[in-house]
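These notes are about the structure you will find just below.
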Amino acid sequence: MADPVVRMRAVHKAFNVGLPNETEVLHGIDLDLQPGQFCAVMGPSGSGKSTLLNIVGLLDRPTSGTLAIAGEETTALDDRALTRLRGHAIGFVFQYHYLLSAFTALENVMMPMLGDAGFPNEAMRVRAAELLDSVGLKKWQDNLTGHLSGGQQQRVAVARALAMNPALLLADEPTGNLDTKSADAVFELLRSVNRAHGMAILFVTHNAALSQRCDSIIQVVDGMVLDREAA
């Protein structure tokens with residue numbers, strides 16, 4: 001059996017450690033995410049969902065516990081090694097797309113590849129064009145992203161997240177700023193990416209209807225995973 005894409009064991013996260021206002025936000029999280037699994041993460045505001053996602057995304061370190069991403073234990077990695085692993089193994093889609101409005105859709109999708117290689121080449125352009133075609137934006141690849149609709153911008157963000165062919169995609173409320181029709185389209189795009197590429201997806205959402213269309217749901221409450229269920 002393949003290793004989990006995410007394997008967390010007894011993960012705690014505290015802020016202001018050693019100070020009078022020390023606060024523990026995550027309390028002993030255990031979590032496995034298998035290759036190809038599409039998992040919704042739900043919970044009230046302030047429950048620890050964002051902190052959990054930041055740790056899984058290697059944007060923050062746990063205070064204690066262990067975390068392995070794509071089979072690589074991260075506890076002893078230095079910042080440079082974490083950055084490299086994050087760039088190759090993890091794609092991100094956020095509620096706000098964080099595109100560079102002065103650049104075209106094609107150039108935005110190339111950015112992760114450019115950041116890894118340090119210089120552009122034709123192979124990057126070809127891959128970026130193929131990814132934009134796969135999300136239905138071939139005709140708009142040379143448009144500045146500031147001239148695209150909200151739904152189109154989020155599709156560019158999904159294409160960008162796939163640029164390095166990651167094993168894991170983290171989607172933090174990616175439909176939160178969209179109307180119902182656009183939200184459904186973006187969700188279906190993520191679902192098709194999940195099925196076509198076999199990548200694992202953690203999908204943070206407050207939308208109960210969308211969560212029911214995922215493979216499984218985890219409920220985070222007060223920094224603990226209280227419930228896991230099949231959708």
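The values are calculated or read from the model by the stated rules, or taken from the named source; none is laboratory data. From a predicted model like this one, the values you see are computed outputs, not experimental measurements. Heads up, the Cβs are rebuilt from the backbone with ideal geometry, glycines too, and the neighbour counts pull from every protein chain shown.
Things to note:
- Among the residues making up segment 118-153, a single one is at pLDDT 95 or above, assigned to a loop (DSSP other than H, G, I, E, B) and either buried (at least 18 other Cβ atoms within 10 Å of the Cβ) or of a type in the set (Val, Ile, Thr) (or both): Gln141.
- Residues of segment 74-106 satisfying the condition of being in a loop (DSSP other than H, G, I, E, B) and of a type in the set (A, V, I, L, M, F, W, C): Ala76, Leu77, Leu99, Leu100, Ala102, Phe103
- Hits in segment 87-107 - residues which are over 18 Å from His197 (Cβ atoms) and either at pLDDT below 95 or of a type in the set (Phe, Trp, Tyr) (or both): Phe94, Gln95, Tyr96, His97, Tyr98, Leu99, Leu100, Ser101, Ala102, Phe103
- On inspection, Val11 fails the criterion of being within 18 Å of Asp215 (Cβ to Cβ) and either touching a helix residue (DSSP H, G or I) at 6+ places or on another chain (Cβ under 8 Å) or surrounded by 16 or more Cβ atoms within 10 Å (Cβ to Cβ) (or both).
- Scanning segment 168-194 for residues that are of a type in the set (D, E, K, R) and either more than 19 Å from Val5 (Cβ to Cβ) or modelled with pLDDT of 90 or more (or both) returns Glu173, Asp179, Lys181, Asp184, Glu188, Arg191.
- Flag for Pro44 being out of contact with any helix residue (DSSP H, G or I) (no Cβ under 8 Å at 6 or more places or on another chain), touching a residue at least 40 places away in the same chain (Cβ under 8 Å), part of a loop (DSSP other than H, G, I, E, B) and not charged (D, E, K, R): yes
- Residues that are part of a loop (DSSP other than H, G, I, E, B), closer than 16 Å to Leu85 by Cα and in contact with a helix residue (DSSP H, G or I) (Cβ under 8 Å, 6 or more places away or on another chain) within segment 55-73 comprise Gly57, Leu58, Leu59, Asp60, Arg61, Ala70, listed in sequence order.
- Taking the listed residues Asp172, Asp179, the one that is farther than 23 Å from Thr51 by Cα, of a type in the set (Asp, Glu) and surrounded by fewer than 21 Cβ atoms within 10 Å (Cβ to Cβ) is Asp179, with no other qualifying.
- Taken together, the residues in segment 163-194 that are in contact (Cβ under 8 Å) with a residue 24 or more places away in the chain and under 16 Å from the mean Cα position of the chain (by Cα) amount to 21.
- Which numbered condition Leu31 misses (of (1) within 26 Å of Gly198 (Cβ to Cβ); (2) out of contact with any Gly (no Cβ under 6 Å at 6 or more places or on another chain); (3) free of Cβ contacts under 8 Å to residues at least 60 places away in the same chain; (4) part of a strand (DSSP E or B)): (3)
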